[in-house]
1. Any chance you could give the angle, 0 to 90 degrees and rounded to 10, that helix 132-142 forms with the longest Cα principal axis of the chain?
2. Quick one: Cα convex hull volume of the chain, Å³ per residue?
3. What angle do you read, to the nearest 10 degrees and between 0 and 90, between the alpha-carbon axis of helix 2-14 and the longest principal axis of the chain?
4. Among the DSSP beta bridges whose two residues both lie in the chain, what percent are antiparallel, rounded to the nearest 5?
5. Quote to one decimal, in nm, the extra length available between residue 67 and residue 79 on full extension: 0.36 nm per residue of separation minus the C-alpha distance between them.
6. What distance in nm separates the two pseudo spin-label positions at residue 31 and residue 133, each 7 Å out from Cα along the beta-carbon direction?
7. State, to one decimal in nm², a quarter of the convex hull surface area for the C-alpha atoms of segment 2-82, i.e. the direction-averaged projected area.
8. Which order do the peptides 61-68, 92-99, 169-176, 18-25 take when ranked by the mean count of other beta-carbon atoms within 10 Å per residue, highest first?
Ligand code: B12
């Protein structure tokens, strides 16, 4: 059943069929864990990206699909809190999050922001295409405990490193944990640029950031 629904969601996205995708999303809420629905929606977009690379899908189709997948995520939003296990005492942990400069991909970042909020973190979302300077100045101004950096392009992931370097220059690197993500990022990349945490998806970001309490950030 789950596999079937997963496949149908992926296919509906590949067919750029908004109505079907949204209906299947609603139908799936009762039938499978939210994490799996999110992963099916993400997989559909990922496969769209592969087809785009092969010249079998085009930017307008990608834009349309991204927009309705975002709507599907919004359908799931009200159901997220129980799943991520809301913890009341996380409100005092501030997370500044942004998609880095030159990068307009924000679906993944939005999802991470939504899940962190649902889990109880105080999230300050700076949006997409945000310069490293702006990110660091916001971290300073808000006294954020965590900064989350999203990059979807191999050409923009260097800005994740740039932010870390700027935090060092500003003398606040020790005060803030850096979590990175996005399709081209990896554990190896995180270690290379000196990020504290890499998370492959939004659920993992929540799980790993909950450890923040153990780090004594509060
Ligand atoms: C949708 C999409 C678009 C949409 C974006 C809409 C939007 N509002 O976001 C549009 C059509 C606008 C777009 C534009 C472009 N795109 Co595009 N796009 C995609 C696509 C198909 C899906 C991305 C997505 O939304 N996935 C769904 C979300 C939920 O998943 P996610 O982003 O990976 O996020 C999850 C994790 O990565 C992680 N995560 C993400 N961020 C963060 C942050 C933190 C802190 C943490 C912890 C975790 C985390 O958690 C998320 C949730 O689980 C990808 C394909 C792919 N393989 O990723 C290509 C892709 C990223 N795009 C690509 C390209 C080339 C472009 C363009 C340059 C195309 C062009 N010629 O104009 C432009 C770039 C414009 C720019 N300057 O940014 C390439 C990048 C190739 C590369 N090596 O760099 C890809 C890989 C497609 C491909 N295979 O060629 N794109």
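No lab work stands behind these numbers, since they all come straight from the coordinates. If you're wondering where the values come from, they're calculated on a predicted model, not measured in any experiment. Because the Cβ atoms are built from the backbone with ideal geometry, glycine has one as well, and the counts that use them run over all protein chains shown.
1. The answer is roughly 70 degrees.
2. 115 Å³
3. With both axes taken from Cα atoms, the answer is about 90 degrees.
4. Of all bridge pairs located within the chain, approximately 0 percent are antiparallel.
5. Here the answer is 2.3 nm.
6. For residue 31 paired with residue 133, the spin-label model returns 5.2 nm.
7. Approximately 4.8 nm², given one-decimal rounding.
8. The densest-packed peptide leads the list: 92-99, 18-25, 61-68, 169-176.
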